1. Select the helices (runs of 4 or more DSSP H) contained entirely in the range A:172-265, then report the ones holding at least 3 residues which are within 14 Å of chain B (Cβ to nearest Cβ).
2. Could you say which residue among B:Val257, B:Val209 is more than 16 Å from ligand 1 (Cβ to nearest atom) and either in a helix (DSSP H, G or I) or open to solvent by less than 50 Å² (accessible area, probe 1.4 Å) (or both)?
3. Condition first: hydroxyl-bearing (Ser, Thr, Tyr), more than 16 Å from ligand 1 (Cβ to nearest atom) and over 21 Å from B:Thr194 (Cβ atoms). Can you find one or more residues in the range B:9-23 that meet it?
4. Of everything in the range B:10-56 that's within 25 Å of A:Val177 (Cβ to Cβ), buried (at least 21 other Cβ atoms within 10 Å of the Cβ) and away from ligand 2 (no atom under 14 Å from the Cβ), which residue is nearest to the other protein chains (Cβ to nearest Cβ)?
5. Residue under question is B:Val70, and the condition is that it be closer than 23 Å to B:Thr189 by Cβ, out of contact with any Leu (no Cβ under 8 Å at 6 or more places or on another chain) and surrounded by 23 or more Cβ atoms within 10 Å (Cβ to Cβ); does it hold?
6. Which count do you get for residues in the range B:183-206 that are in contact with a Pro (Cβ under 9 Å, 6 or more places away or on another chain), open to solvent by 50 Å² or more (accessible area, probe 1.4 Å) and either within 16 Å of ligand 2 (Cβ to nearest atom) or part of a strand (DSSP E or B) (or both)?
7. Yes or no: B:Pro163 within 16 Å of ligand 2 (Cβ to nearest atom), closer than 17 Å to A:Ala644 by Cβ, within 13 Å of another protein chain (Cβ to nearest Cβ) and in contact (Cβ under 8 Å) with a residue 60 or more places away in the chain?
8. Examine the range B:79-88 for a residue that is facing chain A (nearest Cβ under 7 Å), closer than 26 Å to A:Leu656 by Cα, more than 26 Å from the chain's Cα centre (by Cα) and away from ligand 1 (no atom under 16 Å from the Cβ), and state whether such a residue exists.
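The values are calculated or read from the model by the stated rules, or taken from the named source; none is laboratory data. Please read all numbers here as calculations on a predicted model, not as lab measurements. Note that each Cβ is placed from the backbone with ideal geometry, even for glycine, and that neighbours are counted across all protein chains shown. Accessible surface areas use protein heavy atoms only, side chains included; no ligands, DNA or RNA. Shrake-Rupley method; radii C 1.70, N 1.55, O 1.52, S 1.80 Å.
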Amino acid sequence: MTTPSFSPETTPGFPGIFSKDNLNLKLWLGIAWLGFLILPWYAAYDGFWSFIWVTDGYPTFDEYSPGILQITMHDRWWLWPVALFLLLPLSALSWSKTDPRYALTLLFSGGLGFAFTLSQGFILGLHGWGWEFLGDVFGPTEQKQFGMGYGALLVCGGFLFMFTQGLAARGAIKGDVFVCGSIGFCIVLVAIFVFFPVGRILINSLQDDEGNYVFSLFLEKITSHSIWGLDCFSSNLSCGVAWNSLLMGVLVGLATTVLGLAFALLVTRTGMQAKGFVRTASLLPIITPPFVIGLALILLFGRAGAVNVFLEWAFGIPPSRWLYGLTGILIAQILAFTPIAFLVLIGVVEAVSPSMEEASQTLRASRWQTFWTVSLPLMRPGLANAFLLGFIESLADFGNPLVLGGQYEVLSTQIFFAIVGAQGDPGMAAVLAIVLLMFTLTAFYAQRRWLGKKSYATVTGKGDAGVHVRLPKRVAWMAYLTAAPFLIMSLVVYGMIIFGGFVETWGYKHNFTLKHYIAEFSLHWSEQYGLLWEGAAWNSFWTTLQISAISAPLTAGLGLLTAYILVRQKFWGKDIFEFLTMLSFAIPGTVIGVGYILAFNVPPIEITGTGVILVVCFIFRNMPTGIRAGIAAMSQLDPSLDEASLTLGAKSFTTLRRVLLPLLRPALVAALVFSFVRAMTAISAVIFLVSADYDMATSYILGRVEFGDYGLAIAYSSVLILVMLAAIGLIQLAVGKRELGRRESFEF
Amino acid sequence: MSNSFAVEFKNVTKAFGEVQAVRDLNFSIQTGQLVTLLGPSGCGKTTTLRLIAGLEMVTEGQVYIGDNDVTKLPATERDVSMVFQSYALFPHMTVMQNVSYGLTMSSLPKPEVHEKAQTGLELVGLSGYGDRLPSELSGGQQQRVAVARALVLEPEVLLFDEPLSNLDAKLRRRVREEIRELQQELGLTTVYVTHDQEEALAVSDRIIVMNEAVIAQEGAPRQLYEEPVNLFVSDFIGDANLVKSTILDIDGSHANVDIRGIRIQLPHRGLTPGESMVAIRPQSILLKQSGTEDGIPGTILKASYLGDHLEYTVECALGELFVIDNQIQTQQPPGTNVSITFRPYGVSLIPES
Ligand SMILES: Nc1ncnc2c1ncn2[C@@H]1O[C@H](COP(=O)(O)OP(=O)(O)OP(=O)(O)O)[C@@H](O)[C@H]1O
Ligand SMILES: [Mg+2]
């Protein structure tokens, strides 16, 4: 029997402090008070996990004091309202949830408390006023404050969840406290870590070096010749970076889509042998840091590359630099991103209902006609998605253009140079980022328009007994001819990656050596100090592993939670919320990187240079994939499963854990693997966010490449690939398979 | 404030955007009764049930369970169990785990959970099946697991949403009798949704007939069948021929009614002399050889043989009538002229027409 907590008429007396009533409120109120009374309000210490403050003058020292002492000892009187908003909800403890005062108090103090705590952080910063105009209005101020620390974090969390509990008590989301809280949590996170940085870019692009808003300057920059110039048509000068990027993105998008389709068709619709091999091999580029392929290409086709050396030796053809420029970027990116297109398309190609193709054939269409008029149009969503992914990946890719670009300048690299280069112009970087964002968002919008409202649902839930129609001969041949060169090229490139690490100096000295591995990964045992991690790579290697291992479960968790909210819950503003989560998918990593340094290197949220910013960045970069995987999997589960669990007295959190999660294991594995691998291989956003303490493997390798230490770079990369393979195995082992009934065709 | 109702709706409206799924619903359900929500597809039955369970929240109005206002209480905190049309058995748990699920959630000690779950399975006749997965059971067995899972919680209210619609005709009859027996044995307050009027008549203490988001009529099965308040109910519960009539005068509790020359006495049901509608059950129409009595003359248009009865469509001054005749020995061919009269029962005035 359940023990329902009904209104006070049945519960004699007021609920005691230790009763289970309002447990959630007590918890969050307690946490908020803990943050206010005990933990340091500011983040003046270095690093989230640094605890030097405990022994270093806490609690009285200005930088480490908790909120209450900041007010009383350090004259930070503007924090008083925080205390007030924390006191108010104490009265709610004595009311029952059905009491209207309960909801009202929580909504009021939670909402205002949250808004106040956040805005005071923005209003007053490290150097006084957070915005210039405040100084003009109120005069100069002596006061200043640091970024928010544990204390402020907990208090904000407390306010947020008080607010959502107030909403739940008003009957929002069927009165479900957990779901209300989750929605609030996700919205706030997405707003802070996606919306805010992008907004910062917009603001920054409008400012001049002194921080004044000069719209004409913005116009001048965004229309500048270096971005939009068309000289390549009239002379042999190069065109603007925007055109360069656009051309590259479109070509890569098209090529990867066509190649991906060819592979998907070959694997599903022909008697091709080696299907398993293609599927597995297609995973390889995904676990390869993207620029590593560029590197292998240099070793092959560069001036000192194997092919050129051979040609010169055999035919006396002098080596040329043809690889550097658009050609090289295209080859590298197509090799790197085709597998993504393949993975998108294979699902779609398989899902096209055989009975539709059979129907078409019974209507006297030939196989060729059926393919063009039925199968291909039904794959439209897949084709559009694959193109969009290829396009965005290509525009956002940073490593390959850097390694292979030569004179061919694209947006992602120019953004980087605008930030770190000699002239150091963050405003210009912001403008370029906006151009890049415009491209991807336009593509995103165009894709949605193209797909329109037509239904492409072909998986109806009814058992489909039909068999897929074999590909028409002509199409099959086309597919083989497209796929073969790609396969050969991939094999050669990966051969290079394996062998390149064992060769002294590629192109000059080809003797076998372990010296690159030793330089990067040697261990030394000394009597005096014990084990010494001597290799140069260990530092970035462990950081990368640690950051990836922390961010992968968080990404997968948040992604699946968001998917749950999007699939299973209805609330006002859900469309906007969905759009925001999609937005972070359409934003290239480079843009996110710029946005993050602009947004998070000043209070109130000051996390640049820490590991936290890397973790956060990975979470929000990779979450959309987790969301997609979760949505796809969850839509297949009958909602009455959750409802049954709810009516049986399980809370929605328990339902999520005990009913949905076990059924979502494949999606969980996909999300975990993807976010781990993406964190290990990411470069475009990471390059802006690494610091001396937190260097990532990819940026370290890229540094080696810039010095021309190709052997070291390749050796390190192959170690990373091995580690990722091992990790994928481990994840699959740990999460396990979905336990379903033994009967094959299962009906819920 | 105490009342003897297990469930009570006060002016409940539920809107999904523009659509009002239920409008201004008022009803109450007595403890220990089985009440059926009956109505055509889309009339709001499932919505009403989900409002009781807390799976939907009302747009307006109040919901009471027992003595408590649960209007804003989430499903988890209401003492209500539901048996879903799709059963919603957790596919990754065994039968035993499924049945124990709710008990575990109420944090009972383990032995007690096991014992109660075992009893529950015995109750539905599946005691040997604890270790199987739901996918290894037949449809009917799965259905009984779903019932056991809801029953073991001994909820204040038990809800069924079209629990039998996945079963074949024979099994439906058996399972519905089992459910009714269990319900009466345990004295459970039960709300049962169906659109099968025969099922509703067979199992219910009371029936709430819904139409287009509102209650059309509420009452005991016999009352609904014999005294439908409007055209919709009379036609929905059992078949009925609706014909025009004239009330000549009121005589005590009865009215003298004229149907095309045939005079009969019917309970007046609050009507006054004048035009009115009468519902006539197909079984209550008698077909005699034409000319034998002073009935309404008519012609048989269609005749079909259904094993235990004959069905006729008869053309007459009242329009086309649908007639059921249990005398199967003599089947009248189409074209036969007949004379129509009515039996003294199965004919009633319709107040709201
Ligand atoms: N989630 C929803 N969103 C929008 N409209 C809904 C929703 N749920 C139900 N409705 C609408 O409310 C009305 C009543 O639906 P309900 O499911 O209660 O019907 P029902 O009586 O159970 O029908 P059936 O016998 O077909 O199951 C229908 O018009 C339906 O379209
Ligand atoms: Mg229904």
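1. Answer list for the range A:172-265: A:177-190.
2. Numbers: B:Val209 fails: more than 16 Å from ligand 1 (Cβ to nearest atom).
Going through B:Val257, B:Val209 in turn, the sole match is B:Val257.
3. To start, the set of residues in the range B:9-23 that are hydroxyl-bearing (Ser, Thr, Tyr) comprises B:13.
If we keep only those that are more than 16 Å from ligand 1 (Cβ to nearest atom) as well, we get none.
No: zero hits.
4. Within the range B:10-56, the match that is nearest to the other protein chains (Cβ to nearest Cβ) is B:Gly54.
5. Here the answer is yes, as B:Val70 does meet what is asked.
6. Counting residues in the range B:183-206 that are in contact with a Pro (Cβ under 9 Å, 6 or more places away or on another chain), open to solvent by 50 Å² or more (accessible area, probe 1.4 Å) and either within 16 Å of ligand 2 (Cβ to nearest atom) or part of a strand (DSSP E or B) (or both) gives 2.
7. Numbers: within 16 Å of ligand 2 (Cβ to nearest atom): yes; closer than 17 Å to A:Ala644 by Cβ: yes; within 13 Å of another protein chain (Cβ to nearest Cβ): yes; in contact (Cβ under 8 Å) with a residue 60 or more places away in the chain: yes.
The answer is yes for B:Pro163.
8. At the first step, the residues of the range B:79-88 found to be facing chain A (nearest Cβ under 7 Å) are B:79-82, B:84, B:86, B:88.
After this cut, where a residue has to be closer than 26 Å to A:Leu656 by Cα as well, the list is B:79-82, B:84, B:86, B:88.
Next, only the ones that are more than 26 Å from the chain's Cα centre (by Cα) stay: none.
No, the range B:79-88 contains no residue that is facing chain A (nearest Cβ under 7 Å), closer than 26 Å to A:Leu656 by Cα, more than 26 Å from the chain's Cα centre (by Cα) and away from ligand 1 (no atom under 16 Å from the Cβ).
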